[in-house]
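Derivation of every value follows stated rules applied to the coordinates shown; laboratory data play no part. Keep in mind that this is a model prediction, so the values were computed, not measured. Reconstructed Cβ throughout: ideal geometry from the backbone, glycine too, with neighbour counts over all protein chains shown.
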Amino acid sequence: MTLPVAAHAIAALGAFLAVGLLGRRLARRIGQPGVVGEIAFGMLLGPAVLGWAWPEAQSVLLPADVLEPLRDLGHAGLVLYLVGVAHELRLDASRLRDRAIGWTALGTLVPSLAVGAAFGGWLVLHDRPSLRGTAPASAFVLLLAITMAVSAVPVLARILTDRDLTTTRAGRLSLTSAALVDAVAWLLLAVVIGIAQPGSGGISTAAVVLVAGALAATLGRRLLRAPQAERLCARWPWLMAVVLAACVLLAADVAESRGLTAIFGAFMVGLMIPPDSPHWDAPVRWVSTLGLWLVPVFFIATGLKIWTGSGGIPWLVTIVATVLAVLSKIGGGYAVSRLGGEEPVEALRIGVMLNTRGLTEIVLLQAGYSAGVLTSSLYLALLMMAVVTTSLTGPLLSLIDRRQRADTPPAPRQGEQLATG
């Protein structure tokens, strides 16, 4: 890379980060998760407006020799961020003893998978090349089922913290159920990648890599729990963060070279980190935060590619996908939570929380797009669905709270209590 190209790339990187920061701050100002603003500005609004107002902008402002290294940097940021995502899936035995968790996870998983599969089947029968693509029907339908079922554990955890719901029963049920559902979604995504890329060995190769990665994650967790590793991490947390980041990038490269997406390598390294060790929290947080700051670079670079290769957003498909996603998640979560013994208000609150898809959905969509399962147009439609469903969480929770307060009779004043007594 020549000096002028390097300077151009650095200037573009600064602009990308500024756009991400602006989107994040505006989103939080209106009570939305920061990722909603990053996606809206970086992946949707920015590339769309730029392409409409100045079609030649990309070739002038972001030529290939500048955009490619930025795209690689954004992809690395996404991979680093996934360490924190995997670390959030703390499915220890103490959190799974409540039988209601099984009911809630089942209620959010099964209806969503069924609705997503039906949606995928409808697109297969409709057979529009711009939406259907050329992927095997089984991989296509299964991926759409997964996109309906997934919930965003990190974004949901942030929403619960902001609203002081982390220690409530609804908060615990929704967060643990989301972690269970996402664990299933990652496994099913491995099946999708294996079906979609038969030239690399298909499902058998993907299964071998996945099993080897799971065993490595289990062994790695035991090694990192050793007293020597704990002392090393407590003494030099920054050094361990650098080592962790290098391991994540290496594992991502190995997974991708063996027929799986780089996401799985990062995910397995994240699962190695002991969830109950306070010493590892700081290195994981630093690595994940670095990735989170670089994610807007991924959004913009990917958004430019998506908009260039698509004919725009297919609005009918976007509306259908969004309606089905909301109904299956909120309706399924509510119905089965009620069967599990939850009160109506709490069951509805759980369903709304589980409808949060956030960045986890974007990662799955990106994996499906990279594997050739999703077309650019369908990617945009499902991206819009992810933004809308995530944006609905805060307002719907506020609406439930207002309705609950309105339905609760006010406590009698002290004088009224004496008079009635």
Query raised in the report: So, by mean Cβ neighbours within 10 angstrom, what's the order for 352-359, 373-380 with the highest one leading?
Result: 352-359, 373-380
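Rank these for me by crowding, E361, E230, E346, going from fewest to most other beta carbons within 10 Å. Before the final figure, lay out the partial values.
Numbers: E361 27, E230 16, E346 20.
Ascending Cβ contact count within 10 Å gives the list E230, E346, E361.
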Requested in this report: Rounding to the nearest 20 debye, state how big the charge dipole of region 3-405 is about its Cα centre with +1 on each Lys and Arg Cβ and -1 on each Asp and Glu Cβ.
Outcome: 880 debye
Query raised in the report: Taking the convex hull of the alpha carbon atoms in region 3-405, what volume per residue do you get, in Å³?
Result: 142 Å³
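So how do Y81, Y369 line up by other beta-carbon neighbours within 10 Å, fewest first? Please report the intermediate quantities before stating the final value.
Working: Y81 25, Y369 22.
Final ranking by Cβ density, sparse to dense: Y369, Y81.
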Requested in this report: Would you mind ranking S130, S391 by Cβ crowding within 10 Å, fewest neighbours first?
Outcome: S130, S391
Query raised in the report: Counting Lys and Arg as +1 and Asp and Glu as -1, each charge on the Cβ, what is the dipole of region 251-355 about the Cα centre in debye, to the nearest 20?
Result: 300 debye
Report task. Find the all-direction average of the projected area of the Cα convex hull for region 209-270, expressing the result in square nanometres with one decimal place. Result -> 3.9 nm²
